[in-house]
Amino acid sequence: MTDENKIRVYFSIDSYGHSHTYSAVLDDDTTWDEVLNKIVSTLEASYGYTFDIQDNLGIYYKGKEDD
């Protein structure tokens, strides 16, 4: 797999004097659920508690409900 077939993710949050970062290079077949769960985990770590997210995370776009 070439370098062009990768997803680059960088998420950083500075809160309450602490910095948390998630950075990864993933295969392009990585699911959005997998990518977004890591971002949410980083966000949760920055606040010190978990969010109660019931549904699988995904990408929203206008008209998605029409599919």
**Prompt:** Which of the residues belonging to the range 11-20 are surrounded by fewer than 10 Cβ atoms within 10 Å (Cβ to Cβ) and of a type outside the set (G, A, S)?
**Reply:** Y16
**Complete:** So, first residue in contact (Cβ under 8 Å) with a residue 40 or more places away in the chain in the range 26-43, second residue of a type in the set (K, R), Cβ within less than 9 Å, six or more apart or across chains; the pairs are none
**Prompt:** Could you say whether any residue in the range 60-67 is at pLDDT 90 or above and more than 13 Å from the chain's Cα centre (by Cα)?
**Reply:** no
**Request:** Please work out which one of (1) modelled with pLDDT of 90 or more; (2) more than 22 Å from I53 (Cα to Cα) is the condition D3 fails and give its number.
**Result:** (1)
**Prompt:** How about the range 1-54: which of its residues are in a helix (DSSP H, G or I) and of a type outside the set (A, V, I, L, M, F, W, C)?
**Reply:** D3, E4, N5, D33, E34, N37, K38, S41, T42, E44, S46, Y47
**Asked** Would you say A45 is surrounded by 10 or more Cβ atoms within 10 Å (Cβ to Cβ) and modelled with pLDDT of 90 or more?
**Response** no
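The values are calculated or read from the model by the stated rules, or taken from the named source; none is laboratory data. In this text, all values refer to a predicted model and were calculated from it rather than measured experimentally. Cβ atoms come from the backbone with ideal geometry, glycine included; neighbour counts cover every protein chain shown.
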